[in-house]
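Student: Dropping a structure here in structure tokens format, bear with me for questions.
Values quoted throughout were computed directly from the atomic coordinates according to the rules given, and no laboratory measurement underlies them. Everything quoted here is computed from the prediction, not taken from an experiment. As a convention, Cβ positions derive from the backbone with ideal geometry for all residues, glycine included, and neighbour counts pool all protein chains shown.
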Amino acid sequence: MLLHIDPLRGWIAGSRRGSGNVRAGYGSAALALLVFAACGQPDRQLQVVDSAASPAGRADPALGKQGGATAAASIDYVPPMDSAMPAGPMGASIRRGLALLTHTTDSLPAFAPGNIQCVSCHIEGGRRRNAASLAGVHARFPKYMDRSGAVIPIEDRVNYCFTRSLAGNRLPNDSREMQDTVAYLAFISTGVPIGARVAGEGMPKMPALTGDGTRGAQLFAATCTVCHGVDGQGNPPAFPALWGPGSYSIGASMAREERAASFIRHFMPQNNRGSLTDQQAFDLAAYINAQPRPDSPGKSDDWPLGGAASDVPYDTKGHKAFRPPARLLPRANARGAIVPPPPSVRRTGAGLR
Ligand code: HEC
Ligand code: HEC
């Protein structure tokens with residue numbers, strides 16, 4: 001069902017400068033479309049949909065009825081393609097950003113020492129719906145994250161993935177590589193109003209199931225080893241590691257059984273997407289997440305106000321670890337693995353020059 005757009009007109013009408021990224025609905029005259037009259041670009045439209053009938057499911061046959069990860073009203077947004085990247089220095093920065101997401105370990109071995117790239121999870125340069133999609137992400141920051149108990153900038157969020165999902169090191173926020181990354185993320189958010197949700201962001205929530213690691217092991221041997229290897233180490237750079245020193249850390253969202261099950265259910269095996277049942281995806285997630293993987297220093301400080309999801313595999317305030325991995329592998333640079341919340345300079349004056 002479509003939501004009426006009026007309450008949103010204020011901020012949608014206030015946003016401008018889109019470079020396309022428009023989907024003109026699904027052929028139904030009943031769809032409420034907002035024309036960017038204010039921008040003088042009547043062909044540019046954003047459509048607000050609600051999650052119950054999110055077109056994300058229709059856009060991706062592998063998702064069946066599961067499309068639409070977002071609870072609030074969301075925009076049916078299609079991020080621009082590479083061909084829309086501008087010329088000149090800005091375009092060069094955006095292209096470098098995409099290259100960093102795609103070839104992370106080759107480009108930044110000191111920061112991404114493992115066998116997993118940003119695009120190993122953020123499929124198609126973060127443009128694939130429901131694969132932890134990054135479309136529109138620039139408009140979602142600054143953002144309050146209950147895991148950190150702080151409002152954080154997008155650079156810190158990128159660094160959560162460097163330090164946890166890649167089990168690597170924090171990239172300096174004022175480095176050119178960080179700015180290139182953010183330039184690309186802004187590019188695939190072109191035209192999305194600040195604070196808006198877009199259809200297919202994040203990963204779809206799964207039904208409440210529990211995996212069986214023994215069944216998962218059998219299924220893994222039959223279905224996954226051809227690309228990820230019998231020992232889960234992958235075949236880098238094309239096929240990422242699922243566990244061991246080159247894979248994601250215990251502090252990554254993917255180390256949670258339900259989150260991994262969602263990714264596996266919809267996107268794996270890569271040569272036959274959508275072929276697994278929900279239960280099989282949970283069985284595989286239980287097996288994979290039980291294997292040894294890099295530690296995530298400082299993880300017990302997560303969710304400082306409590307409220308961790310039930311499948312978080314380590315102890316936090318008010319939460320007992322759910323099925324922690326067999327063994328945690330020490331990190332070479334524990335300090336580089338932590339992204340502290342933004343400190344206040346009010347009393348200290350730190351940073352004054
Ligand atoms: C192991 C899988 C994995 C890898 C590798 C990974 N990420 Fe993520 N990333 C996630 C997941 C899962 C989320 C959370 C998505 C959600 O549910 O909102 C996320 C979230 C994000 C977000 C915030 C999205 C939002 O809407 O708030 C950004 C930005 C991001 N990742 C960037 C990166 C970058 C840049 C890299 C490479 C340096 C990277 N990620 C590598 C899995 C991964
Ligand atoms: C045909 C090769 C292939 C097969 C088979 C395959 N994968 Fe993958 N897998 C990939 C590729 C390539 C990626 C990176 C994302 C992408 O491009 O789809 C990936 C990414 C992943 C990721 C996220 C990144 C990471 O390193 O953790 C997980 C988890 C995963 N696969 C699990 C599985 C499971 C479980 C199976 C068996 C059901 C499986 N894969 C079968 C190729 C494959």
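Student: Once you put a point 7 Å from the Cα of S310 and another 7 Å from the Cα of N173, both along the Cβ direction, what distance in nm separates them?
Tutor: Between S310 and N173, the simple spin-label model gives 3.6 nm.
Student: Please list, in order along the range 307-320, the HN-Hα scalar couplings obtained from phi with the Karplus expression 6.51 cos²θ - 1.76 cosθ + 1.60 (θ = phi - 60°), rounded to whole Hz, x for Gly and Pro.
Tutor: Ordered by residue, 3J(HN,Hα) equals x, 4, 5, 5, 9, 5, x, 9, 6, 9, 3, x, 10, 9 Hz.
Student: Right, next: Under a point spin-label approximation (7 Å from Cα along Cα-to-Cβ), what is the A208-R323 distance to one decimal in nm?
Tutor: Going by the 7 Å Cα→Cβ label model, 1.6 nm.
Student: Just check the range 134-211 against the gyration tensor rule for me: Cα atoms, a ≥ b ≥ c as the square roots of the eigenvalues, rounded for a/c under 1.5, and otherwise prolate or oblate depending on whether a/b exceeds b/c. Mind showing how you got there, number by number?
Tutor: On the way: a/c = 1.80, a/b = 1.20, b/c = 1.49.
It is oblate, given that a/c is not under 1.5 and a/b is not larger than b/c.
Student: While we're looking at this one, here's another question. Counting only residues 5 or more places away or on other chains, whose amide H sits under 5 Å from the amide H of S133 once H atoms are built in the peptide plane?
Tutor: G202
Student: Apply the Karplus parameterisation 6.51 cos²θ - 1.76 cosθ + 1.60, with θ equal to phi minus 60°, to every residue of the range 128-133 and state each ³J(HN,Hα) to the nearest whole Hz, in sequence, with x for glycine and proline.
Tutor: Here the 3J(HN,Hα) series is 7, 4, 6, 9, 6, 4 Hz.
Student: Could you tell me which of rounded, prolate or oblate describes the range 213-331, using a ≥ b ≥ c as the square roots of the eigenvalues of the alpha-carbon gyration tensor, with rounded for a/c under 1.5 and, failing that, prolate when a/b is larger than b/c and oblate otherwise? Can you show the working numbers first?
Tutor: On the way: a/c = 2.18, a/b = 1.54, b/c = 1.42.
In terms of gyration-tensor shape, prolate.
Student: Okay, moving on. Which FRET efficiency value, to the nearest 0.05, do you get for A150 and A87 by plugging their Cβ-Cβ distance into 1/(1 + (r/R0)^6) with R0 = 30 Å? Intermediate values should be presented prior to the final figure.
Tutor: Values: r = 38 Å, r/R0 = 1.27.
It comes out at approximately 0.20.
Student: Taking the beta-carbon count within 10 Å as an exposure proxy, list M254, M90 from fewest neighbours to most.
Tutor: The most exposed by this proxy come first: M90, M254.
Student: Restricting things to Cα coordinates, could you compute the convex hull volume per residue of the range 274-353 in Å³?
Tutor: On the way: hull volume 13.5 nm³, N = 80.
Once divided by residue count, the hull of the range 274-353 is 168 Å³.
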